[in-house]
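A quick write-up on the structure given underneath.
The values are calculated or read from the model by the stated rules, or taken from the named source; none is laboratory data. For clarity, every value in this text was computed on a predicted model and none was experimentally measured. Cβ placement follows ideal geometry from the backbone for every residue including glycine, while neighbour counts extend to all protein chains displayed.
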Amino acid sequence: MTDADTTAALVDTVRRFARQRVAPVAARHDAEDSYPADLVADMADMGLFGITIPEAYGGLGLDLVTYTTIVEELAWAWMSVTGFLNTHFMVSYLVNTFGTEDQRTRLLPKLACGEIRGAYSMTEPDAGSDVAAITTKAVRDGDDWVVNGTKAWLTNGRMAGLIAMLVRTPGEPAAGDGRHGELTVLLVEKEPGADRHGGITVGPNVHKLGYRGIETVEVSLADHRVPADAVLGGVTNRGFAQMMAAVELGRVNIAARAIGVAQRALDESLGYARTRTTFGRRIADHQAIGFKLAEMATKVTAARLLYRQAAAEKQAGERSDLTASMAKLFCAETCWEVCGEALRIHGGNGYAAEYPVERLYRDAPLMIIGDGTSEIQKLVISRRLLEAEDT
Ligand SMILES: Cc1cc2nc3c(=O)[nH]c(=O)nc-3n(C[C@H](O)[C@H](O)[C@H](O)COP(=O)(O)OP(=O)(O)OC[C@H]3O[C@@H](n4cnc5c(N)ncnc54)[C@H](O)[C@@H]3O)c2cc1C
């Protein structure tokens, strides 16, 4: 088989898994907010936790375009299962791209097979968009770093065995300006599933509007000790740029996830509009509904092309912050809009949990918040446009 055949076979396997195994149980897990342990185990068996990790470290070594296609397929069935992959994928990227050879050899094989899963932690209770305002601090003490502070909104935070955590490291030789230049990524290892580990306390799961079944938690650290070699790449105060490189990937991932959800909303709407009748005809035959479907399909198709372009640019190693932000912005807003239109097309039934659009409508808003809000994407885009004009 050629590489293209292998990739196509994996995408096909994931599509069947998403439609046959994930979609039928999504509503139950969503209603119960229950963790789908069996689905996570199946994803590990399929090698999905190592899709982009190089084969030399036990992964599948596939490209970003393939990864995002798989994310779209999974999100079509249930957005939450893509959450098990996203932060894990960002952490794997950080270790592979910036880690020391020792960190790569020790951590990537375990990440690739899903033995440990990754959580990505920048946000704090008082610092989200303004990343450089974080206050969690690590201070060197002999062979250890001693960490104190509170991190917020950790997706996979309880079940993760490895947290890529952005902390302040004042007193270390600064890289760049003060606020951004004294931030370091620590690779914090912990017992998966445990509420306590050393000085780490994992808080209760946040009760969320959507994106249920996957835990999002606060993690506090009180004099928690990590070894000196937990610093990503062995170099302090490079953390801001490292985390931003990973967030660019996260943005492309969220864009693909948004299109999976939007495509599902469109498919559900097409099915409903074909069968629901009012005033003696299918609602699809009322022009107002037909035009909605036409606009939804056009926007979803355009948005998909944009995220694929962003994925291809990042894969090629080109500077891709502009396209990644455009893809994140356009796909997230398209998803939100399309899910709203799907709800309208379903009339009262769109408000009922027995129809998938009710869940899609609750899941969609995360796309305009996570990995940088739409407002932050507009900031990145406008700065890049002006930068291009000024040079
Ligand atoms: C379900 C969920 C999962 C998450 N998972 C993770 C995770 O795994 N790891 C992680 O680190 N974080 C995670 N987050 C956090 C997420 O990245 C932040 O919520 C997001 O970056 C926004 O930060 P904030 O909530 O502090 O909002 P704020 O930064 O307080 O912003 C509030 C509002 O002000 C706007 N705003 C802020 N600054 C500006 C500005 N300069 N110009 C214009 N408008 C502005 C924002 O767009 C927003 O509308 C998660 C969040 C959610 C909801």
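Just a few scattered comments:
- Test: residue in the range 129-145 that is surrounded by fewer than 21 Cβ atoms within 10 Å (Cβ to Cβ), within 14 Å of the ligand (Cβ to nearest atom) and either part of a helix (DSSP H, G or I) or not assigned by TED's automatic domain parsing to the domain that holds Glu218 (or both): yes
- Answer residue from the range 112-124, given it is part of a loop (DSSP other than H, G, I, E, B) and more than 8 Å from the ligand (Cβ to nearest atom) and is farthest from Glu191 (Cα to Cα) among those: Cys113
- Matching residues, the range 83-97, being of a type outside the set (Gly, Ala, Ser) and more than 16 Å from Leu166 (Cβ to Cβ): Phe84, Leu85, Asn86, His88, Phe89, Asn96
- Selection from the range 251-276 of residues that are in contact with an Asp or Glu (Cβ under 9 Å, 6 or more places away or on another chain), more than 13 Å from Lys299 (Cα to Cα) and surrounded by fewer than 24 Cβ atoms within 10 Å (Cβ to Cβ): Ala273
- Test set (1) without any contact (Cβ under 8 Å) to a residue 40 or more places away in the chain; (2) surrounded by 22 or more Cβ atoms within 10 Å (Cβ to Cβ) - Tyr307 fails condition number: (1)
- Residues (more than 19 Å from Thr87 (Cα to Cα) and within 16 Å of the ligand (Cβ to nearest atom)) located in the range 221-250: Leu221
- Selection status of Ala284, among the aliphatic types (A, V, I, L, M), in contact with a Leu (Cβ under 6 Å, 6 or more places away or on another chain), at pLDDT 95 or above and part of a helix (DSSP H, G or I): no
- Only one of the listed residues (Arg19, Arg28) is basic (Lys, Arg), part of a helix (DSSP H, G or I) and without any contact (Cβ under 8 Å) to a residue 12 or more places away in the chain. That residue is Arg28.
- Tally of residues being in contact with a Gly (Cβ under 9 Å, 6 or more places away or on another chain) and within 13 Å of the ligand (Cβ to nearest atom) across the range 206-220: 8
- Selected residue (only one of Asn96, Asn156, Asn86, Asn148 is touching a residue at least 60 places away in the same chain (Cβ under 8 Å) and away from the ligand (no atom under 12 Å from the Cβ)): Asn148
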